[in-house]
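Undergrad: Got a structure for you, written out below as structure tokens; questions coming shortly.
The values are calculated or read from the model by the stated rules, or taken from the named source; none is laboratory data. Given the structure is predicted, the values throughout are model-derived calculations rather than measurements. For neighbour counting, all protein chains shown are included, and Cβ atoms are generated from backbone atoms with ideal geometry for every residue, glycine included. For accessibility, only protein heavy atoms count, side chains too; no ligands or nucleic acids. Shrake-Rupley method; radii C 1.70, N 1.55, O 1.52, S 1.80 Å.
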Amino acid sequence: SGTQNQKFLLYLEDNQMKNIIFDMDGLLIDSENITFHIYKDYLSQIGYRYTKEMYISLLGKRKEFAQEQFKKDFGSSFPFDLFWEQTHIILDQELIHKPCLKIGCIPLLEYLKEHSYTIILATSSYKNRALNILKGQHIDHYFNDFICGDQVKNGKPHPEIFLEACKKIHCEPNQAIVLEDSETGIDAAFQAGCSVICIPDMIEPDFDHKKKCNYILSNLLD
């Protein structure tokens, strides 16, 4: 409601929380549904059955985790490197050249920029990929800085990426709000000491993860 929004904005102002940390995939970019269908179609063509449950188990994880999972699901001879290379060529072309922003992305980024919030991206994606996608979707200019998966040693749910994001924008973790869609992202932000707003994508967080969030909203317009 309007009253709830006003209270939340006052909460941000009172606590000097003018620092917003965004995840990318599944939060700003509708990449998860697109990725799932690309994976499913590719695997079907080479004789493998791929389910949404199998894909959801990878959300928020790094490439190394995905590789181990695919070997478990399809056997040690599964050509993971070829699969990864070919599907991500298709995926990145779609994410760069086709509209795929989540509902409310532009209005939220414009609001934050207009009201002098500091905005940083913290994504598990590698920097080159992340920047190409943001530029392709014409939203890269909203961000003050970026911290990406190839710039940290430990992936989510480890808190390193959010701690490094706070260092980059010169704030304490308790002065930052993280916007996330996945349970691993919630864990990482919570352990870092940040406030967390969750906008679920393909999966709702379970009860324990909901307790770690300040708010759970249905989309970025909320």
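Undergrad: Relative to a virtual label point 7 Å from the Cα of residue 219 in the Cα→beta-carbon direction, which members of segment 29-51 show backbone nitrogen distances below 20 Å?
TA: The answer is 29-35, whose backbone nitrogens lie closer than 20 Å to the label point.
Undergrad: Right, another one. Based on the Kirkwood radius over alpha-carbon pairs, what value in µm²/s does the Stokes-Einstein equation return for the translational diffusion coefficient of the chain at 10 °C and 1.306 mPa s?
TA: 88
Undergrad: Which order do the peptides 95-108, 45-58 take when ranked by the mean count of other beta-carbon atoms within 10 Å per residue, highest first?
TA: 95-108, 45-58
Undergrad: In nm, to one decimal, how far is the modelled label at residue 212 from the one at residue 153, with both set 7 Å along Cα→Cβ?
TA: 2.1
Undergrad: Counting other Cβ atoms within 10 Å, which trypsin sites (Lys or Arg not before Pro) in segment 118-157 have at most 12 and lie in a DSSP loop?
TA: Sparse-neighbourhood loop trypsin sites (Lys or Arg not before Pro): 153.
Undergrad: Could you tell me which of the pairs 156/211; 18/156; 72/212; 113/212 are separated by over 29 angstrom between their Cα atoms in the structure shown?
TA: Cα-Cα > 29 Å for 72/212; rest within.
Undergrad: Just the projected area, averaged over all directions, of the convex hull on the alpha carbon atoms of segment 13-99: how many nm²?
TA: About 7.6 nm², averaged over all directions.
Undergrad: Also, I was wondering about something else. Test of understanding: what is the full-extension gain from residue 111 to residue 98, defined as 0.36 nm times their sequence separation minus their Cα-Cα distance?
TA: Length difference between fully extended and current span is 2.3 nm.
Undergrad: Tell me the per residue accessible area of segment 30-69 using a 1.4 Å probe; a whole number in Å² is fine.
TA: Per residue, segment 30-69 has 56 Å² of solvent-accessible surface.
Undergrad: Okay, moving on. For residue 167 and residue 86, what does the FRET efficiency come to when R0 = 35 Å and r is the distance between their Cβ atoms, rounded to the nearest 0.05?
TA: 0.45
Undergrad: Counting pairs of Cα atoms in segment 103-154, how many percent are more than 18 Å apart?
TA: That fraction is 33 percent.
Undergrad: How would you classify segment 43-151 from its alpha-carbon gyration tensor, with a ≥ b ≥ c the square roots of the eigenvalues: rounded for a/c under 1.5, else prolate if a/b is greater than b/c, otherwise oblate?
TA: prolate
Undergrad: For segment 137-222, what is the convex hull volume of its Cα atoms per residue in Å³?
TA: It comes to 113 Å³ per residue, whole-number rounded.
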